[in-house]
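The values are calculated or read from the model by the stated rules, or taken from the named source; none is laboratory data. No experiment lies behind these values; they were computed from the predicted model shown. No Cβ is skipped: glycine too gets one built from the backbone with ideal geometry, and neighbour counts run over all protein chains shown.
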Amino acid sequence: MERKIRRKDGSLRSVSYAKWGYIFIVPFFLAYLIFTLVPQFLTVYNSFFENYQDGLNQVGPNYVGLDNYKTLFTPDSAGTVRIVKYVANTMIMWFAGAVPQFVIALLLAIFFTSYRLNIKGQGFFKTVIYMPNLIMAAAFSMLFFTLFSRVGPIQALLVKNGWIDASFDFFSHRITVRGMIATMNFLMWFGNTTIVLMAGIMGIDQALFESATLDGANAWQVFFRVTMPLLMPIFVYCLITAMIGGIQMFDVPQVLTKGNGAPDETTRTLVMYLNNYLTNKNYGMAGAISVIIFIVTGALGGVVYKMLVKQYKEPQRQHRRRKGDVL
């Protein structure tokens, strides 16, 4: 950005303010370099070393190459590759919470932004929807632990109505514990997703909806032919960020199961597995797990992006091709 300034002798000189933009973004890049980029390289570096504490003795750091990665993918005595099991646990619980999260968020976003309904008091509803997101995950987990414990109100209510036996324990069944974790993730994040999708829909020109309606399109046709194609960039952003958060799932299952992934480690996540090595100060194995989490996150994010954006970009290519033929 340049500005012309007239000198005292009447001539003009150019003054550039572009440098100030670079100056203002320097603190961000410095913080990113020191607190994110350098630790990422150190994590990859440490993953090739044997570095742990055995009692009071420090073993390493000793270079072991890919031995840490080989250890992670070596089956245990039961023939189970633990890290693969924990990846499956993480994705199952995330998927179980993400599906209702996006379905409900989309329905609410369309409902509150409908020009036909013209809902009043949207600010109030946005606040109420977003409220669960403000509750700490640890507090949410303690609440569910108390509600569904053997002496909790849910257990007493179900036993009183004869729906379950008094010996039933919610925390000893895989489906109930995973269901609680998925429900908490849904409740905490659907409000945030709703507000982001509402912002995306409100950014679409309302004239497009009116034109589609005048052309005889019904509600389903408007949604799939107008709303979703134009909302796809925002939807992809929400889905990928939700998936990244799901892969990093830690606090809810950690508190709910007291860190043991009960029952039978079916709710232990990747980050819970990583936390065990950090607690034991085995930095080599922790670094290897961190690298694997990074690879899994990048691979899944890339697959989701390609699958969804392809549907969004194909109509644009066809439109440009037709436009070129006309010209």
(message) Just to check your reading of the model, which residue among PHE140, PHE144 is surrounded by 20 or more Cβ atoms within 10 Å (Cβ to Cβ), under 26 Å from VAL271 (Cα atoms) and at pLDDT below 90?
(response) PHE140
(message) at positive phi and surrounded by fewer than 18 Cβ atoms within 10 Å (Cβ to Cβ): which single residue out of GLY203, GLY179, GLY261, GLY216 fits that description?
(response) GLY216
(request) Kindly indicate whether ILE195 is in contact with a Ser or Thr (Cβ under 7 Å, 6 or more places away or on another chain), among the β-branched types (Val, Ile, Thr) and modelled with pLDDT of 90 or more. (result) no
(request) Mind counting the residues in the stretch 81-103 that are of a type in the set (S, T, N, Q) and more than 18 Å from LEU274 (Cβ to Cβ)? (result) 1
(request) With a cut-off of at least 1 residues that are touching a residue at least 60 places away in the same chain (Cβ under 8 Å) and small (Gly, Ala, Ser), name the helices (runs of 4 or more DSSP H) lying wholly within the stretch 79-165. (result) 82-113, 137-147
